[in-house]
Amino acid sequence: MKFKIYRYNPEQGGKPGLQDFEIAAVQPGMMLLEALLKCKDQDESLTFRRSCGEGVCGSDAVNINGVNGLACITPLADLKEPVVIRPLPGRPIIRDLVVDLSGFYQQYRTIKPYLTLYEPEPEVEILQSPEERDQLDGLYECILCACCSTACPSFWWNPEKFLGPAALLQAWRFIADSRDQATDERLAALEGPYRVFRCHTIMNCVDVCPKGLNPTQAIGRIKMRMLKQSL
Amino acid sequence: MTRRFQGLNAWILQRASAVYLAIFFVYLVFYFTLSPPANFGEWRSWVADPINSIFIIIFMALLIGHIWVGLRDVFMDYVSSLSLRALLLFTLAIGLLGIGIWFARIIILVMIK
């Protein structure tokens, strides 16, 4: 099976380019990550991130034939040859398939991804009804792999000002949480022309999310909640 | 312009105006295909009818608002140079203002005579 993998090492200079690899022993059910590891056997300077290997940690997000995804849960059988592997788009490249996600994490930090209480903390757990808990489904599963935000044109154009789908999904996760008491502050912090409203419902985020989540819907709900609050 | 106008309010204006524009546009299509004005005088009296002229003025105001929000979005996304963006927004504002005044003048003149 043929691969074209993006190579760039800023420390050694030179131009970025695609390097050809060929893997002979492709077994049924093999995932892309295993193929990348075999490519690394052939050329050990090939660099990429990986950890759990089963779609839980979100380390090995790459651009596969033009579509962002996790290498570890992408079956080779589904891919058209030659498989072109590039780093996640729109982020500074550290080396080969490794990109600098610090801006992405910074946007995640700005939405304060933790429960905020103004009342004194209760002695026991804060209980939720099953319905209240259901509000968090489709939100808490995000693994911050950055597939969605780096597939979003609005995030490409304004990565410092637009929060991006991943951070906004988490923003809604805490707005929707019945236990959180900072809903007004959270909504106020999202006001302005950029932070939420650069989203033009392009829906690349929904298309690429390896966990099947829907950031566009979450962003729509943030807008509707803002609207309700302003009336 | 306040900060609030730039985010939520601009979005509301865009969405609400889109609904009105869509409905009014369909109405105009039906009007011009089913009972088009036979001559200039008939067309003029249709516009001069207070109910029609009010809806036309609202249409034009919302159309200008819709164009402003939409093109501002395009400039914010694609024009990263702040001075160029400011120039484009200024030109757009002057252009839309001119169109608005010109249009209001036409309607007012028709209604007066």
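The values are calculated or read from the model by the stated rules, or taken from the named source; none is laboratory data. The model shown is predicted, which means the values in this text are computed figures rather than measured ones. Note that each Cβ is placed from the backbone with ideal geometry, even for glycine, and that neighbours are counted across all protein chains shown. Accessible surface is based on the protein model in full, side chains and every heavy atom, while ligands, DNA and RNA are left aside. Shrake-Rupley method; radii C 1.70, N 1.55, O 1.52, S 1.80 Å.
Observations on the structure shown:
- Of all residues in the range A:1-25, those being out of contact with any helix residue (DSSP H, G or I) (no Cβ under 7 Å at 6 or more places or on another chain) and aliphatic (A, V, I, L, M) number 3.
- The set of residues in the range A:61-96 being of a type in the set (D, E, K, R) and in contact (Cβ under 8 Å) with a residue 40 or more places away in the chain consists of A:81, A:86, A:91, A:95, A:96.
- Odd one out for residue A:68 among (1) under 21 Å from residue A:14 (Cβ atoms); (2) outside any loop (DSSP other than H, G, I, E, B): (1)
- Note on the range A:149-231: enclosed helices (runs of 4 or more DSSP H) holding 3 or more residues that are in contact with a helix residue (DSSP H, G or I) (Cβ under 9 Å, 6 or more places away or on another chain) and either away from every other protein chain (no Cβ under 11 Å) or among the β-branched types (Val, Ile, Thr) (or both) are A:164-175, A:183-189, A:204-208, A:215-230.
- Any hit, the range A:151-159, residues being touching a Lys or Arg at 6+ places or on another chain (Cβ under 7 Å) and open to solvent by 90 Å² or more (accessible area, probe 1.4 Å): no
- Contact map, the range A:200-221: first residue small (Gly, Ala, Ser), second residue outside any loop (DSSP other than H, G, I, E, B), Cβ cut-off under 7 Å, separation 6 or more or different chains; pairs are A:218/A:168; A:218/A:169; A:218/A:172.
- Options B:17, B:53; residue that is open to solvent by less than 60 Å² (accessible area, probe 1.4 Å), of a type in the set (Ser, Thr, Tyr), in contact with a helix residue (DSSP H, G or I) (Cβ under 8 Å, 6 or more places away or on another chain) and farther than 24 Å from residue A:230 by Cβ: B:53
- Conditions (1) within 21 Å of residue A:204 (Cα to Cα); (2) of a type in the set (A, V, I, L, M, F, W, C); (3) within 21 Å of the chain's Cα centre (by Cα); number of the one not met by residue A:83: (3)
- Residue satisfying all of: in the range A:99-124; on the phi < 0 side of the Ramachandran plot and among the charged types (D, E, K, R); most open to solvent (accessible area, probe 1.4 Å) among these: A:123
- Being in contact with a strand residue (DSSP E or B) (Cβ under 8 Å, 6 or more places away or on another chain), open to solvent by 80 Å² or more (accessible area, probe 1.4 Å) and closer than 16 Å to residue A:5 by Cβ is true of residue A:81.
- Within the range A:1-58, considering residues that are of a type in the set (S, T, N, Q) and open to solvent by 30 Å² or more (accessible area, probe 1.4 Å), the one farthest from residue A:82 (Cα to Cα): A:12
- Inter-residue pairs, beta-carbon under 6 Å, first closer than 15 Å to residue A:174 by Cα and in the range A:113-129, second not in a loop (DSSP other than H, G, I, E, B), 6+ apart: A:113/A:170
- Checking residue A:122 against (1) farther than 20 Å from residue A:104 by Cα; (2) within 14 Å of another protein chain (Cβ to nearest Cβ); (3) assigned to a loop (DSSP other than H, G, I, E, B), the condition it does not meet: (2)
- In this structure, residue B:7 does not satisfy being surrounded by fewer than 16 Cβ atoms within 10 Å (Cβ to Cβ) and within 14 Å of another protein chain (Cβ to nearest Cβ).
- Some residue of the range A:125-134 being surrounded by fewer than 19 Cβ atoms within 10 Å (Cβ to Cβ) and in contact with a Gly (Cβ under 6 Å, 6 or more places away or on another chain): no
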